[in-house]
1. Of everything in segment A:32-65, what is β-branched (Val, Ile, Thr) and within 15 Å of the chain's Cα centre (by Cα)? Give them in sequence order.
2. One residue is enough: does segment B:190-201 have a residue meeting the conditions surrounded by fewer than 14 Cβ atoms within 10 Å (Cβ to Cβ), of a type outside the set (Val, Ile, Thr) and closer than 20 Å to B:Val86 by Cα?
3. Can you pull out every residue in segment A:79-88 that is among the charged types (D, E, K, R) and at the interface with chain B (Cβ under 7 Å from one of its Cβ atoms)?
4. Tell me the strands (runs of 3 or more DSSP E) entirely within segment B:156-203 that contain at least 2 residues that are farther than 22 Å from B:Val122 by Cβ.
5. List the helices (runs of 4 or more DSSP H) that sit entirely inside segment A:17-110 and contain at least 1 residues that are among the polar types (S, T, N, Q) and farther than 21 Å from A:Val209 by Cα.
6. Within segment B:358-378, does at least one residue satisfy the condition of being surrounded by 21 or more Cβ atoms within 10 Å (Cβ to Cβ), within 30 Å of A:Ala137 (Cα to Cα) and out of contact with any Phe, Trp or Tyr (no Cβ under 8 Å at 6 or more places or on another chain)?
7. Restricting to segment A:55-88, and then to whatever is in contact (Cβ under 8 Å) with a residue 60 or more places away in the chain and of a type in the set (A, V, I, L, M, F, W, C), can you tell me which residue is farthest from A:Leu103 (Cα to Cα)?
8. Please state which one of A:Gly91, A:Gly70, A:Gly128, A:Gly76 is at positive phi, of a type outside the set (Lys, Arg) and either within 13 Å of another protein chain (Cβ to nearest Cβ) or surrounded by fewer than 18 Cβ atoms within 10 Å (Cβ to Cβ) (or both).
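The values are calculated or read from the model by the stated rules, or taken from the named source; none is laboratory data. All values derive from a computational prediction rather than experimental measurement. Glycine gets a Cβ as well: all are built from the backbone with ideal geometry, and neighbour counts include every protein chain shown.
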Amino acid sequence: MLFRPPGGGAVEALRDVSLDLASGDLVSVLGPSGCGKTTLLNIVAGFLAPTAGAVSLDGRPVAGPGPERGMVFQQGALFEWMSVADNVAFGPRMRGAPRAERLALVERLLDTVGLAGFGPKAIYELSGGMQQRVALARCLAGDPEVVLMDEPLGALDALTREKMQGLVLRVWRETGKTVLLITHSVEEALLLGRRLVVMAPRPGRVHRVYELPFADLAAGADLREVKRLPLFAERREEILSMIWDMEEEIMAGATP
Amino acid sequence: MSGLAGEALEVLWGALGVLPWVGAYLLLVALLGLLWRALGRGRGDAARRTVTFGDAGAVRGSPAAAVLSVVAVFLLWASFTGSALVPSWLRAPDAFTGTGRFAYLAELPDGSRDEGTVTVLVAPPGESPPAPEVAPGAGAVPDAAVVVNAHRSVLVPPPEGARVLAVEGQAVAPGGPPVALPWGAVSLTARGTLQVTPDPGWRMEPIWLPPPEAVAARLGEVARDGYRNASLLEHLSYSIFRVVTGFLLGALVGIPLGYAMGLSGWFRGWFDPVVEFMRPVPPLALIPLVIIWAGIGEGGKVILLFLASLWIMAIAARAGVSGVRLSKVHAAYSLGASRLQVLRHVVVPNSLPDIFTGARVAMGVCWGTVVAAELVAADRGAGMMIMAASKFQQTDVVLMGIALIGLIGWGIDLLMRAAERALVPWKGRA
């Protein structure tokens, strides 16, 4: 993926990234800032067309955004002018689902994300964590095959974040959706990735891929229990120092 | 250019003359504030907070101060117009009315000196009683009588060829300082004529500033009988009708124009020069052109107000569209929305808060513009009413009109704010 900024020149945001997601997979992508993780997600979502290479879903090429690839954004992507219920029902309404069906779906999904009864509330009446629950419910209401998450918990406080991690795991296990999650938190990437892709910057590329047991262990169990495992700590330190080195390299190469 | 400098100097001097009054007023405001605080009312819930000065974000207008300030305006108004609404001890001293007398010493051409007495009857404003009868007396300088209205002065010429030397025993010179009397002052003009100025008191003449009750009475009268061939309601509704029509037309054209400019680079490029050029042109500057094109009828005024609101609404809509977060648009597309659905469900609602802000500004500008346009040329309307009244020096009608214009402008803004709260409750809270 080449970007040509208005000032001239070209920035190679991604090079030779190859990623294969099986149905029902849970993949987290981690990397230092500027490694192209968001670009990667935008290409998968269809918001950007790659300069080279292709994305395909079930053998069909991806040419633009579509409801089969749902997206949960970091924050501020909810529609403030709609109630919680209307936000969740947005996808079905766009494709013309009947009202009764929408209502039932909204009720079920709000219950899933722990917001039963919050339907008539306005978005701005909810806390940041609750808003992300709505975003997750809205994405699921579109019944996507793949759920793309762009640092969905990045703006939340530590406690809310931990609760939400449990929710994401639970939803993944209960719905069987394929999940591709981008994060800058090592712990989150370890926990929310059966497969963890570490990316390196300049140009953005896949640095290493881990197969991890934590997501399966944590689904339905105590998250902190999993985080206390020796292997978890070992992997965390390993990946942290890996990213740390990359950041150092970036800083050394930076020209003022 | 020297004329400009002279004007500037004059303005500066005028401002300096007002300064003591402004200072006294501010001192009164500050003292009342201190008094209120001493009474322990100024703190309220914030009493536990130790940092109070500098926390400007937490400053809320004191309701007591607001009430007192309005009361003070009316009190000052009533006091300096001698209103019957306030007790007499609160009224400023009135101008002198009644009979005053002074004696003056004059030297005749033959060198002899004689003293004459002048009786001055000071009549209330608007009255013109006959001069009192006075016997001329025996001397070479006859006694005389004159009539003058309060707030005015009168010239009393001495006998032909005589030169006035003193008034009430005090020496006077042509053009010199006046001699103070208990009921006024007497001076000599440069040509040696006696000028009698009765004490004007501290009150304003009704022609400058009528008392509140006169304005209220006039309001009742105009509301009952109308003014200049139209009822009060008709005058006001004409102005409001023009504003609403012009504003709606401006919004009807301006909002789609702003959307087009916000959504398409080609349209933005095409219309930007026009919009950016027309925006800083004050609508008032368009009045002559609109009169040339459309005359002084309703059409001209509606065109003027259309032009006043068009650019504001176009810019507001453009800003509202441009302010949409890309992630919202992305979210809508990945939920399966079509372009039209994104426009209808994301771009348009997202622009509403900005459009409401623009509408409030546009309504304010339109109201100001319509009054100004009616001042220039109209046969009905709030602005026409006060302009016509000023030509006949009906200051009470002018004041009444200004008060009504202010109240309506305020009411329009309150309505717009209420509509904003009802229709875009998420504004500023996302």
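1. Scanning segment A:32-65 gives A:Thr38, A:Thr39, A:Ile43, A:Val44.
2. Of all residues in segment B:190-201, those surrounded by fewer than 14 Cβ atoms within 10 Å (Cβ to Cβ) come to B:190-191.
From what is left, the residues that are of a type outside the set (Val, Ile, Thr) are B:190-191.
Going one step further and asking which of them are closer than 20 Å to B:Val86 by Cα, we end up with none.
No, segment B:190-201 has no match at all.
3. Of everything in segment A:79-88, just one residue is among the charged types (D, E, K, R) and at the interface with chain B (Cβ under 7 Å from one of its Cβ atoms), namely A:Glu80.
4. On the way: elements: B:163-167, B:179-181, B:184-188, B:194-198.
So the answer is B:163-167.
5. Working: elements: A:37-45, A:84-88, A:90-94.
Filter on segment A:17-110 gives A:84-88.
6. No: segment B:358-378 contains no residue that is surrounded by 21 or more Cβ atoms within 10 Å (Cβ to Cβ), within 30 Å of A:Ala137 (Cα to Cα) and out of contact with any Phe, Trp or Tyr (no Cβ under 8 Å at 6 or more places or on another chain).
7. Within segment A:55-88, the first condition is being in contact (Cβ under 8 Å) with a residue 60 or more places away in the chain, and the residues that meet it are A:57-58, A:67-75, A:78.
Keeping just the survivors that are of a type in the set (A, V, I, L, M, F, W, C) gives A:57, A:71-73, A:78.
Working: A:Leu57: 30, A:Met71: 21, A:Val72: 21, A:Phe73: 24, A:Leu78: 19 Å.
For segment A:55-88, the residue satisfying everything is A:Leu57.
8. On the way: A:Gly91 fails: at positive phi; A:Gly70 fails: at positive phi; A:Gly128 fails: at positive phi.
Exactly one of A:Gly91, A:Gly70, A:Gly128, A:Gly76 is at positive phi, of a type outside the set (Lys, Arg) and either within 13 Å of another protein chain (Cβ to nearest Cβ) or surrounded by fewer than 18 Cβ atoms within 10 Å (Cβ to Cβ) (or both), namely A:Gly76.
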